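Every read-out reported here was derived from the displayed coordinates using simple, explicitly stated rules and does not represent laboratory data. Given the structure is predicted, the values throughout are model-derived calculations rather than measurements. FYI the Cβ positions are ideal-geometry reconstructions off the backbone, even for glycines, and counts take in every protein chain you see.
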Amino acid sequence: MTKQVIDIGGSEPKSHQGSERALSLKGGTGDKPPATGRDEISDLWDPELERYVLQEVILKSSGAVLAPRLYRGELTGSATMRGDAMFVAAGGKVGFNTYANSFFASYWEKFTDIRALSLCGKLQGQGLVHLFRSTSEGGMVKVGEYPVSGIFHIHFDLFSYLPSDESAGRFFFDLEAITDITVEKLAFTAFTPPGKTATFSLGVCTYGKEKYVTNLALSLEAYLKRGGKAVSEVTIVNNDGTDDALPVLRKVVDRTPAFTLVSQDNIGGAGGFARTLHLSQKSGVASHHIFMDDDVFLDTHMLDRLQAFVSYCNAPYVVGGQMMNMADPQMLYEGGATLDYWGFLKRVGEDIDGALGSEVSFFDKVRAVDYNAWWFACVPLAEARQAGLPLNIFIRGDDFEYGLRLGRAGVATVSLPGLFLWHEPFEVKSAAWLEYYNIRNRLIVTAIYDDSERFSIPPANMIRDTFVGFLQLERYDTVFAAARGVVDFLRGPQAILARHAEELHGVLRQDLADLTEDDTEIVARLEADMADMGPAPELHSILCLRHSAQLGGRRRDAKTVPWINHPVVGVLETILACYADRAAAAGKQWQDNAHALSSDGAWSALYGWEEVG
């Protein structure tokens, strides 16, 4: 098969250009990578393309069945899969200006040492590549048109852009069939080897999602059977305490040495993911650890994409996969998130149509994030060992606290476009017990990172307005849960992080179940929560519930505000008075002690794990 080399950016090292041209004339196989001074060949090397694969252009996958337009569009004619190859009849044109198959060069330019790359492929017939660059300012530049056949390499660099463009933007291409073509592979590649090849352990936490987690395990098993090398071990932690409801998963684990299934008490997602990280550090096999939700749909090509990006990274990073919306599969739900001054989350890149290049261009420039949720997030193990394990806070906030913690240690988070999986959208859940964790854990995280510049613990008037919002909806059980969350925060880290999470959760759920319509029941339980906290200070009148902005211009009387004389008002205002007086001192305790209570030794002592040496 013929080989073509098209150099449009001076990207290849001069010492290699001549030898490669000689190989193409001789028809050499190129089955060995250039010397790297290392004994092992990188998993990224493709001997047929004679390049290190940075990002395969995905032609066939389970994801492409779920959301075909996320991967490619048929501009003229049609493209059909024949086995693993794509057939396009003469005159047809296929476009890859999509979320799944664009090359987001700005991210590679900033976070890796890659400065030159090749668009490579192998096809039968005669084709024409139309190569484009979408700039970080929303413009589009046609780089050129290149006749291709056989095995081809189109070389270009990442830095030949105008200063006004700020960064390399995004590369994509259309492939036109001059004759009938059969495309066997396409990839963005590099000639330069990575300084290291990343290897991954993968940790899944599951609870009551038997069907989902079994399908994920079968997908990962199939990836390993096909020769996938990115993942060396998979640990699934089942918080249900037994694997009786997971017979198929049990068989996968029994027949696949890379898999481990651990059953433990229900100590929340925080406890499940912490256990996977603990076990990965204990085994010492991988360089990085992937956190992954149980209820996701994964195109396993993403594991190879992750390996390539992490292998070329110029520093340790948390690298996150973005979340597609399972209910609308070509729509991006979230591409990482930022946190505001009070710890409220703002999604980045929400509701982007991955089939439309005009919307995908949102990621033509690097988008800063504070964290990437643990539906798919990869952390460097050496730095994670130094940082400790996640906080023992059951659910809600363990992922963004850990992202902030690593960020403070110099390990920034990159939410990488084109690296993704599918997850059901997060609908607003109204369960009262969730609000306990929402408010308690937001206070914990903002207290730990409170510097009065980037983050600050929410002031008492915000807590007051939260209470009033639930009272307005007559959700008294939720008010109870939120109030207890505030009280437990004030108790300090020892009362939460050093306590068995399932026990604390069980008490909360039972207390909520025991609440009745009797007003005195809620009041009595909250007063009992406050009994050991000493005399309450006097509440400043401006913090009284009746002064909440949530009430707008209403008259403050029982006719317009039905709860205004409810007995719970008094105890809620007592809690507000304590919060206003003691939040700063409690926050200092959290800053000083939370991470020490999240060490591997602390978790191991609390839950009976074997401590990592």
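Annotations
- Between Gln386 and Ala315, the contour length at 0.36 nm per residue exceeds the Cα-Cα span by 24.0 nm.
- Extension reserve of the Met533-Arg255 stretch, reckoned as 0.36 nm per residue once the Cα distance is removed: 94.6 nm
- Computed over segment 432-607, relative contact order equals 34 percent, with contacts defined as Cα pairs under 8 Å that lie 6+ residues apart.
- DSSP assigns beta bridges within segment 225-351; of those with both partners inside it, close to 55 percent run antiparallel.
- For segment 73-87 versus segment 485-547, the gap between their alpha-carbon centres in whole angstrom: 61
- The calculated FRET efficiency for the pair Ala90 and Ala245, based on their C-beta separation and a Förster distance of 51 Å, comes to about 0.40.
- Label-point separation in nm, Gln589 to Ser430, each point 7 Å along Cα→Cβ: 3.5
- Tilt relative to the chain, helix 210-225 - C-alpha long axis, 0 to 90 degrees, to 10: 30
- Karplus 3J(HN,Hα) series, Hz, for segment 121-128 with 6.51 cos²θ - 1.76 cosθ + 1.60 (x for Gly, Pro): x, 9, 8, 9, x, 10, x, 9
- Point-to-point label distance, Ser78-Glu48, nm (Cα→Cβ direction, 7 Å offset): 2.6
- Average Cα contact separation per residue, segment 200-423, under 8 Å, 6 or more apart, as relative contact order %: 24
- A simple spin-label model places pseudo-atoms 7 Å from Cα toward Cβ; at Asp113 and Thr179 they are separated by 4.3 nm.
- Relative contact order for the chain, counting Cα pairs under 8 Å that sit 6 or more residues apart, in percent: 13
- Each residue in Lys122, Lys142 was given a count of other beta-carbon atoms within 10 angstrom of its own, and listing them fewest first yields Lys142, Lys122.
- Of Lys93/Lys185; Lys93/Lys122; Lys3/Lys122; Lys209/Lys251; Lys122/Lys365, those spanning more than 20 Å from alpha-carbon to alpha-carbon: Lys122/Lys365
- Degrees separating the helix 14-26 axis from the principal Cα axis of the chain, which is the longest one: 60
- Using the Cβ of Ile267 as centre and a radius below 12 Å, the other residues enclosed give a net charge of -3, where K and R count +1 and D and E count -1.
- Derived scalar couplings between HN and Hα for segment 227-236 equal x, x, 10, 5, 9, 9, 8, 10, 10, 10 Hz in order, rounded to whole Hz, by the Karplus curve 6.51 cos²θ - 1.76 cosθ + 1.60 (θ = phi - 60°), x for Gly and Pro.
- For segment 200-423, the share of DSSP beta bridges that are antiparallel, to the nearest 5, is 40%.
- Sorted ascending by nearby beta carbons within 10 Å, beginning with the fewest, Thr256, Thr466 become Thr256, Thr466.
- Here the extension length gained between Thr560 and Asp7 equals 191.6 nm, from 0.36 nm per residue of separation less the Cα-Cα distance.
- Listing Ser102, Ser311, Ser160, Ser42 from fewest to most neighbouring C-beta atoms within 10 Å gives Ser160, Ser42, Ser311, Ser102.
- Nearest-ten-degree value, helix 501-514 long axis tilted from longest Cα axis of the chain: 50
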